[in-house]
Every structure is written in structure tokens, then in C-alpha cells.
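The values are calculated or read from the model by the stated rules, or taken from the named source; none is laboratory data. Being a predicted model, the structure only gives us computed values, none of them experimental. Virtual Cβ from ideal backbone geometry, glycine too; neighbours counted across all protein chains shown.
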């Protein structure tokens, strides 16, 4: 196998890896949102239907204009849902207070 063929194969593999990385980077926020949404629906009180849970999550997350803050808030909600078995009606009514908008400056 000549060096040109090897270089072409390496270039093709690099392009494939770069494509996979870009697709993963682009779709990961949507995947995280979907997982948090499904967890919220599963752990919501019995009187809450899935549509209401989706709307509630959308109001919690959708008010943030910055994507980074939105992702941080999603991860906080995910962390909370991971630790709880069921959300009580009192917790459901005060979700806005449990996950306030993070207004602290970014230190990264």
C-alpha cells in the first residue's frame, strides 16, 4: 500500500471522526433535555399529566436566553431528579423556587 493510499485512508477516518464529534456536540443538549423531560414525567405527582409536565419544564428552561445557563439549569434539575423517587405535590408547586435562574458570573 502506497503512502498516498494510507494518507487518504487516514484523512477519511479523521473526517468521519470529526463528523461524529460534530453530530454528538450538536445533539447532546437535545438528548439531555429529552432525558430530563422523561424523568420529570415519570416522577411527577399522580395528578400531573405528561403535557403539563412538559409545559412546566419548558417554562423552567425556556425563560433563559443563554444556552449555557439553560444547560446548567437542566443539569441541576437532572441531578435533583436522579436523587428522588417521586416529586411530592408541594415540591411540584414550588419547582420554580427549587431551580432559580443562576445569575452568578461564569468563572471558566
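A few comments on the model shown:
- Selection within the range 71-83 - in contact with a helix residue (DSSP H, G or I) (Cβ under 8 Å, 6 or more places away or on another chain) and without any contact (Cβ under 8 Å) to a residue 24 or more places away in the chain: 80
- Qualifying residues in the range 53-68 (those that are more than 18 Å from residue 27 (Cα to Cα) and crowded, with 16+ Cβ neighbours inside 10 Å) - the one modelled with the lowest pLDDT: 64
- For residue 47, the conditions (1) touching a residue at least 40 places away in the same chain (Cβ under 8 Å); (2) surrounded by 11 or more Cβ atoms within 10 Å (Cβ to Cβ) are fulfilled apart from (2).
- Reported count of residues in the range 69-107, each being at pLDDT below 70 and not in a helix (DSSP H, G or I), is 9.
- Condition check for residue 36: within 12 Å of the chain's Cα centre (by Cα) and part of a helix (DSSP H, G or I): yes
- Test: residue in the range 84-101 that is surrounded by 14 or more Cβ atoms within 10 Å (Cβ to Cβ) and either touching a strand residue (DSSP E or B) at 6+ places or on another chain (Cβ under 9 Å) or free of Cβ contacts under 8 Å to residues at least 24 places away in the same chain (or both): yes
- Output for the range 39-68, where each listed residue is assigned to a loop (DSSP other than H, G, I, E, B), in contact with a helix residue (DSSP H, G or I) (Cβ under 8 Å, 6 or more places away or on another chain) and under 18 Å from residue 85 (Cβ atoms): 44, 45, 47, 48
- Flag: residue 7 matches the condition of being loosely packed, with under 13 Cβ neighbours inside 10 Å and out of contact with any strand residue (DSSP E or B) (no Cβ under 6 Å at 6 or more places or on another chain).
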